[in-house]
Structure formats: C-alpha cells, structure tokens
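First the structure, in the form of structure tokens, and then the observations on it.
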Amino acid sequence: MLKYIGKRLLHLIPVMIIISIVIFAIVEMMPGDPVNAYLGVGSGTTPEQQQRLREELGLDEGPVVRYGLWLKRVLTGDFGRSLKYRRDVVDVIGQFIWNSFRLNIVAMILAFAIAIPVGIRSAVKKYGLFDNFWTVFSLTGVSMPSFFFALLLIFFIAIPTPWIPLNGMRTAIMAARGYPSRMAEIIDIGKHMILPVTVLTISSLASLTRYVRNSVIEVINQDYIRTARSKGLSEKVVIYKHAFRNALLPIVTLLGLYIPGLFGGSILLETVFIWPGIGNILYTSILDRDYSMVMAANVFYAVLMLAGNLLADVSYALVDPRVKVK
C-alpha cells in the first residue's frame, strides 16, 4: 500500500505543474493592474514610483520568467506576499483556512449522518411515501442554487429570528470586549454557523441521499441477498449486515471526492454569509487583484482535489479486499 501511495504521489508532481501553469496563465489574463490595486485609488504616486514598486514586486519581468520565479519560491514554501493584507500569503491562508475546515467538516458529518439512514430507508421502501418525499427533496435541492437557498434562509429565518446571526463568524461587540469564557466563544461561533452549515448540509443531502439509495438498491437485488433472506435472516440483518456493507464501497469512494467539492462549493456561501474562510478570501482577492493570494488559494483547491482522488482510491482498496494495489 505504501508503495502504491508513493507511486501516486510521484504521478501527481507533473499534474500539479500543469495545473499551476494553467492557473498562472488564467491569473495573468485577469484585467486590472496589481500595482494600482496595491496603492489604492488616489494614492498620488508618480509613474516613476509605480515603476519602482513594480520592480520590487517582480512585475516588470515577462510571464515566463515570473512563473519560473514563482515556482522556485513555492518549492521553498514561499507563496509570496499578499498585496491586500501586507503579509505573507502562507500566514494569511493559515489564519483563515481553519475557519473553512470548521464549517465544511461539520456540514460533511451532518450530511453523511443524515444521508446514509435516509438513503437506506428510501431503498428499502422504494416508491413509497418516504421515498417519494426524498425524491422530490433531492430534485429540488439539485435544481436550486445554494446561494439562492442561502438568501431564502436569511430572509425567512435569520431576519425574523434575532438570536440567529446573519453573517460573520463572531459577534463584533463580544469579540471586541473579550469572551467571558471559552464556552461562550464556542456558543457564539456555533450560532453563526447555523445558516451556512444548514445550506451546505441540505445542498449535499440532495445528491448524497440519491447516491446512497441507488447504491443500496443495486446491492439488495443481488443473488446473495436473496440467499440471505431464504435462510430466514431478519430483514434488519440482511440490510445492515449484508447489503449495506457492500453498498458502502462506492460511498467510501464518494467521500474522498466529496471533500474537495464541498470546499469548492462553499466559496459563494462564505461570500454570502461573510464567513472568514479561504473561499471568501479567494473572492475578495480576485476583486482586489491580489495575484499572490489568488494563485495560492487556487493551488490549495487543486491540491485538495488531487488529495481527495488519492484518498478515494486508497479507501476503496482498504474496504474492498478484491481490489489489489501495486
């Protein structure tokens, strides 16, 4: 297994180089001047001062040279300096990335905890009232954009309910004065997580429940399930001991691919709810022409996607003894 993981990691190196070239080319085609964005409107600087700043930032070189210099720095762990935050990009991402993890991990746990039992029951009670309800729910959830659902929650739930915060991660007054205890801070953050976590969870449930349902239906129609029933085993044992264990294989694969997709889908939600995560930082960095931040954030999402694919392959090999890795 370790040999297989090592080979896969080596194969990811040229993939990451190609991805970085594509990201760098896209960033290069972005409109606007990073120097003007850095100085701000009405800075009053002369063209000579702007040119000197351009040279200090390394923007006076050609794109090929700049990419080579950027790649050389990245290999040493240096992603450059953020034009907006006036700090190293690694420090900025390290500050906000855990906020995104906190939001998405909670949503992922809730989504799978709900989708698995609902999907199993929908498969067992196929075409029944329970299954039809979740079918309509899934179709509605897939069809409705997550940001639109977020706006509906804000209008119909957050605004009429004063104790549910509209945006942010902490209450500004409480954060400025200092929380009386660690538990008070956790409760405050938990309140701010209600809306974004709800949107992420429901958006994920729409596809997850159908995926689990179809996987279980495919398994319970196999011959060995009929054999288990003919032996007189209870339906609960047949479903949860025999059917679900085999239906779990594609679900485990889905878990590895679900993580990067969840983070990518939270970009708009973090922007809508002004959640201080990596998605919101990426959005504001694009608006501010903060090229170093845009490059670093996109590389993070690319690494997350590749790691998710590797995790899916490894997980599938671990849970399915029929899969051999070399």
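Figure the gain on full extension for MET16 and GLU55 (residue separation times 0.36 nm, minus the Cα-Cα span) and round it to one decimal in nm.
Here the segment from MET16 to GLU55 would lengthen by 11.2 nm.
Report the label-to-label distance for VAL64 and LYS7 in nanometres (one decimal), using points 7 Å from each Cα along the Cα→Cβ vector.
Using points 7 Å along Cα→Cβ, the separation is 3.6 nm.
So, by mean Cβ neighbours within 10 angstrom, what's the order for 120-128, 178-186 with the highest one leading?
120-128, 178-186
Starting from the Cα gyration tensor of the stretch 206-259, multiply each eigenvalue by 5, take the square root, and state the resulting semi-axes largest first in whole Å.
Equivalent ellipsoid of the stretch 206-259: 24, 10, 9 Å, largest first.
Could you list PHE147, PHE112, PHE130 in order of exposure, starting from the residue whose Cβ has the fewest other Cβ atoms within 10 Å?
Neighbour counts put them in this order, fewest first: PHE130, PHE147, PHE112.
Taking every alpha carbon pair in the stretch 121-201, what does the distance histogram look like in 10 angstrom bins from 0, in percent?
Bin by bin from 0 Å, the calculated values are 16, 33, 26, 17, 8, 1.
Dipole of the chain, Cα-centred, from +1 at each Lys and Arg C-beta and -1 at each Asp and Glu C-beta, to the nearest 20 debye?
Dipole magnitude for the chain comes out near 1600 debye.
Charges on Cβ only, +1 for Lys and Arg, -1 for Asp and Glu, centred on the Cα centroid of the chain; of ILE114, PHE244, PRO47, which one is farthest towards the dipole's positive end?
Checking the options against the dipole of the chain, the answer is PHE244.
Under 5 Å between amide hydrogens, which residues at least 5 positions from ASP88 or on another chain qualify, with H placed 1.01 Å from N in the peptide plane?
SER82
Taking only the C-alpha atoms, wrap a convex hull around the stretch 156-246 and report its volume per residue in Å³ as a whole number.
On the way: hull volume 13.9 nm³, N = 91.
Hull volume over Cα atoms, normalised by residue count, gives 153 Å³.
If you bin the C-alpha pair distances of the stretch 204-318 every 5 Å from 0, what whole percents do you get?
Percent of pairs per bin, in order: 2, 11, 15, 14, 14, 11, 9, 7, 6, 5, 3, 2, 1, 0.
When ranked by the protection proxy of mean other Cβ atoms within 10 Å per residue, highest first, what sequence do the peptides 227-235, 272-280, 286-294, 84-92 form? Show your work: numbers first, answer last.
Working: 227-235: 12.0, 272-280: 22.7, 286-294: 21.0, 84-92: 16.2.
Descending mean neighbour count gives 272-280, 286-294, 84-92, 227-235.
At 222 nm, what value in deg cm²/dmol follows for the chain if DSSP H runs of at least 4 each add -39500 (n - 2.57) and the sum is divided by all its residues, to the nearest 500?
-24500 deg cm²/dmol
Give, to the nearest whole percent, the P(r) tail of the chain beyond 28 angstrom, counting all Cα pairs.
Of all Cα-Cα distances in the chain, 56 percent exceed 28 Å.
In whole angstrom, how far apart do the alpha carbon centroids of the stretch 158-204 and the stretch 96-143 sit?
The stretch 158-204 and the stretch 96-143 have Cα centres separated by 23 Å.
Calculate, for ARG177 and PHE148, the FRET efficiency according to 1/(1 + (r/R0)^6) with r their C-beta to C-beta distance and R0 56 Å; round to the nearest 0.05.
0.95
What FRET efficiency do you get for ILE105 and ILE186 if R0 is 22 Å and r is their Cβ-Cβ distance, rounded to the nearest 0.05?
0.90
Each value in this text was obtained by applying a stated rule to the coordinates, not by laboratory testing. All values derive from a computational prediction rather than experimental measurement. Cβ: placed from backbone, ideal geometry, glycine included. Neighbour counts: every protein chain shown.
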